[in-house]
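Comments concern the structure below.
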2 protein chains.
Amino acid sequence: MHTPLVLSPLEGIPLIQAGDDLVGFILQASEQQSILLQNNDIFVITQKIISKAEGRIVDLKTVEPSAYALDLAGETHKDPRLVELILRESNAVIRVGHDVIVVEHKLGFVCANAGVDQSNIEPPERALLLPEDPDESARRIRQQLEVETGMHLGVLIIDSHGRSWRVGVIGVSVGLSGMPGVVDLRGKSDLFDRTLRITVVAAADELAAAASLVMGEANEGTPVVHVRGFPYPLEDGNMSQLLRSRETDLFR
Amino acid sequence: MHTPLVLSPLEGIPLIQAGDDLVGFILQASEQQSILLQNNDIFVITQKIISKAEGRIVDLKTVEPSAYALDLAGETHKDPRLVELILRESNAVIRVGHDVIVVEHKLGFVCANAGVDQSNIEPPERALLLPEDPDESARRIRQQLEVETGMHLGVLIIDSHGRSWRVGVIGVSVGLSGMPGVVDLRGKSDLFDRTLRITVVAAADELAAAASLVMGEANEGTPVVHVRGFPYPLEDGNMSQLLRSRETDLFR
């Protein structure tokens, strides 16, 4: 009998400020929803509240756009200071569209506008960057959760990304600890004893999409989702498992 | 109080043959797991068993490769007859890699090898094509489910796709009925009354990824997942909602 996968949004997490104790809020909210943590449970957390807790907010008035940022801002109808931040957060610009700059982020993944965000931040003249090292943020949060609960847990930090070829955003992993990024099924055989065509499953990204569906995008009322029933062993992984090298990428 | 999203793999669905009554198997398996269907429940079904039930199996011995197929087969180390099938299923070849042909499928989406599959099919000299019209397959299955249960249900047909930029496959939608492909949040405002940066959520693809995680990739033991708690109204959608037009696509 397979167990179901159950994703429960946590209620009552307050608006996060720099320096807040996320783990305290997460454990308090879990307790108020009568979620008794078990080994192999996972918490999925939106990057926004991690970035806020880590103080990754930039006042746009302090940002001086370069000539290149001014050019790109004209092309994309964006605030030149925002474009400057996007460039500073990136290794390379991959594509420029009417209203989007697709980059390879310094963290290694390809995404729109380097994950720099102006929604749900007050006042509007500020922007929120991704956490500086999301794997390390996940590791720190997991360690604190495990110390306080005595359970073996996973932590997954997610963002919403647009895709090539398809409309709409989906949740994707940006940092993780205590769970695998990918699950390698090479060597497993199919029902008729042939080797599987599909060999590597992006299990963390599948969970990221699932949790994002539960969080919704409209607000930060539910920035954390509790997960029970993840179907693979919680082997410790990291983001680099999920990043395709430039050499094997047909679309970079 | 938000409700949890619960994904339950259905046990005991037998190996599917052409002409099999999928709906009968699904309802029987649900009953055996004591799942009492409710309005707004969704069944997520892997395309493989739909294709098999619809008889979309091709004997490779009947396939005559074109000169172009022979060329591409050499480049990608694939069976030329398989490449010929891939080309017949496609509108255009987008990229060719060492072991993959990325195409725009006749159904409109971009994917590897046109979704033509050789795993879990006996004997090995055969290949399985995607359903001819997966939205219509989903509609037909949903209609039959609704007639037999009296409930308003959604049906989502999924496959596993590789991605640009990232390692590993994730579940994605290939056909749907009775549920939205995307959810448009334009006009909704964020916590501080600004218009949302993220406007369109690919809700069906997020659910596809979630269900795929539950199914696993190693076998067809769990080709159907029952879903309760999808957080958006079950407005009738279709695949075209999820397909980016060539004109707005920066990666085609």
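The values are calculated or read from the model by the stated rules, or taken from the named source; none is laboratory data. This structure is a prediction, so every number in the text was calculated from the model and none was measured. Here the Cβ positions follow ideal geometry from the backbone for every residue, glycine too, while neighbour counts run over all protein chains shown.
Which one of these does B:Gly55 not meet: (1) outside any helix (DSSP H, G or I); (2) in contact with a strand residue (DSSP E or B) (Cβ under 8 Å, 6 or more places away or on another chain)?
Among (1) outside any helix (DSSP H, G or I); (2) in contact with a strand residue (DSSP E or B) (Cβ under 8 Å, 6 or more places away or on another chain), the lone unmet condition for B:Gly55 is (2).
Hey, does region A:49-71 have a residue that's assigned by TED's automatic domain parsing to the domain that holds A:Gln144 and without any contact (Cβ under 8 Å) to a residue 12 or more places away in the chain?
No - not one qualifying residue is present in region A:49-71.
Sort out which residues of region A:143-168 are within 8 Å of chain B (Cβ to nearest Cβ) and within 17 Å of the chain's Cα centre (by Cα), and write them in order of number.
Passing the criteria: A:Ser160, A:Arg163, A:Gly168.
In region B:236-252, what count of residues is obtained for those that are modelled with pLDDT of 95 or more and assigned to a loop (DSSP other than H, G, I, E, B)?
Looking only at that region, the number is 3.
Hey, any hits in region A:39-54 for a residue that's within 14 Å of chain B (Cβ to nearest Cβ) and among the acidic types (Asp, Glu)?
yes
Here's a check for you: in region B:94-142, which residue that is closer than 23 Å to B:Phe43 by Cβ, within 9 Å of chain A (Cβ to nearest Cβ) and outside any loop (DSSP other than H, G, I, E, B) is nearest to the chain's Cα centre (by Cα)?
The selected residue is B:Cys111.
Which of the residues belonging to region A:60-93 are modelled with pLDDT under 95 and not in a helix (DSSP H, G or I)?
Selection gives A:His77, A:Lys78, A:Asp79.
On the basis of being at pLDDT 95 or above, in a loop (DSSP other than H, G, I, E, B), surrounded by 24 or more Cβ atoms within 10 Å (Cβ to Cβ) and facing another protein chain (nearest Cβ under 9 Å), does B:Gly171 make the cut?
Values: at pLDDT 95 or above: yes; in a loop (DSSP other than H, G, I, E, B): no; surrounded by 24 or more Cβ atoms within 10 Å (Cβ to Cβ): yes; facing another protein chain (nearest Cβ under 9 Å): yes.
So B:Gly171 fails the test.
Rundown of residues vs (1) within 28 Å of A:Asp249 (Cβ to Cβ); (2) small (Gly, Ala, Ser), yes/no style:
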position	(1), (2)
A:Leu36	no, no
A:Glu54	no, no
A:Ala92	yes, yes
A:Val96	yes, no
